[in-house]
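For reference, the structure is listed below as structure tokens.
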Amino acid sequence: MLKDVGVLPDSIRFYREPDTFTAANLCHAPHAGIYHCDRQYVVQRDEPLHACQIIIVDAGELGCEYLGQHKTVPSGAILLLDCRTPHRYYAVTDDLRMRWFHMVGGGSEAYTQLILQSQGFVLPIAHSAAIETCCERVLTVIRRKVDEPHMLSVALNDLLAHLAIMANASPKSELEQAIQSSAAYMDTHFADKTTSVEQLAHRAAMSTCYYLRKFKEYRAVTPHQYLLNVRLRAAKEQLTTTSRSVEEIAEACGFCSTSHLVSAFRKGTGLTPLQFRIKWR
């Protein structure tokens, strides 16, 4: 029986000590539980815990204070936390039922930040059979007496991937749609050497300064860097799939000169275009 305040006697908790390989390389879940709680249940973390956490609320409601916000997590939703940031969560109802697990390693922190930034920390999943299946797979593997770190890592990564896809598919604001449209334009018009930041801003119906700021906010790079990356990807594809000369590829991919392509290649890959072709063909 668990003795935590507010955790009722039919609750169970699991602890798994990772082996050396798992701790160094895989996403794993050192702690997990299936809890039935009353209103006395509360968790407050003021010191960083180097793990992320998923809580699936199956019945009742959970309150959460996190990232300067106060939200209620209803039945059929997930609470996602990066536990390095202080937070507090607690039972709002007397019949709270939830499944939870911590995640460590294997890109779990990066995935968590990606989802938090695009979707927030309360994720509605009531109508997602795929995500519920992933959650159940994770808990099923954790509950087995025989450790299966590789299967657990696959299940955790599958769940995080589904949550990231769900976040990416969420409705976008008009501003985000405009930035996405601008990026898509560069994806298909990279060969046009006349493309400029001013033209891209005009197409997006924004001032140049505002466009630059918002593009970097949503894409993490400037428009110039994005376009250069698109041109480099196109050049790499042609170097490895065609017999075109470097001069022809530079022209076809929108570089202002062959030397510009060579310089960009050296900076991005440490190789010349011909060295890249030899290495990857």
Subset tally (residues that are over 19 Å from MET186 (Cα atoms), touching a helix residue (DSSP H, G or I) at 6+ places or on another chain (Cβ under 9 Å) and outside any helix (DSSP H, G or I)) for the stretch 216-244: 2
Of all residues making up the stretch 102-120, the number that are out of contact with any His (no Cβ under 7 Å at 6 or more places or on another chain) and either modelled with pLDDT of 95 or more or not in a loop (DSSP other than H, G, I, E, B) (or both): 13
ASP158 being in contact (Cβ under 8 Å) with a residue 60 or more places away in the chain and among the acidic types (Asp, Glu): no
ARG84 being assigned to a loop (DSSP other than H, G, I, E, B), in contact (Cβ under 8 Å) with a residue 12 or more places away in the chain and on the phi < 0 side of the Ramachandran plot: yes
Count of residues meeting criterion [over 21 Å from the mean Cα position of the chain (by Cα), part of a helix (DSSP H, G or I) and farther than 14 Å from GLY33 by Cα] in the stretch 138-155: 1
Residue ID - farthest from ARG213 (Cα to Cα), chosen from residues in the stretch 225-281 that are of a type in the set (S, T, N, Q) and more than 34 Å from the chain's Cα centre (by Cα): SER243
Failed item, numbered, when ARG99 is tested on (1) of a type in the set (Lys, Arg); (2) touching a helix residue (DSSP H, G or I) at 6+ places or on another chain (Cβ under 7 Å); (3) farther than 24 Å from ALA130 by Cβ: (3)
Residue that is touching a strand residue (DSSP E or B) at 6+ places or on another chain (Cβ under 7 Å) and over 24 Å from LEU160 (Cβ atoms), where the choices are LEU8, LEU80, LEU62: LEU8
Scope the stretch 182-215; condition in a helix (DSSP H, G or I) and exposed (fewer than 12 other Cβ atoms within 10 Å of the Cβ); matching residues: ALA184, THR188, GLU198, CYS209
Filtered residues of the stretch 6-42 (kept if hydrophobic (A, V, I, L, M, F, W, C), more than 28 Å from MET151 (Cβ to Cβ) and exposed (fewer than 15 other Cβ atoms within 10 Å of the Cβ)): VAL42
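The values are calculated or read from the model by the stated rules, or taken from the named source; none is laboratory data. From a predicted model like this one, the values you see are computed outputs, not experimental measurements. Please note: Cβ atoms are built from the backbone with ideal geometry, for glycine as well, and neighbour counts cover all protein chains shown.
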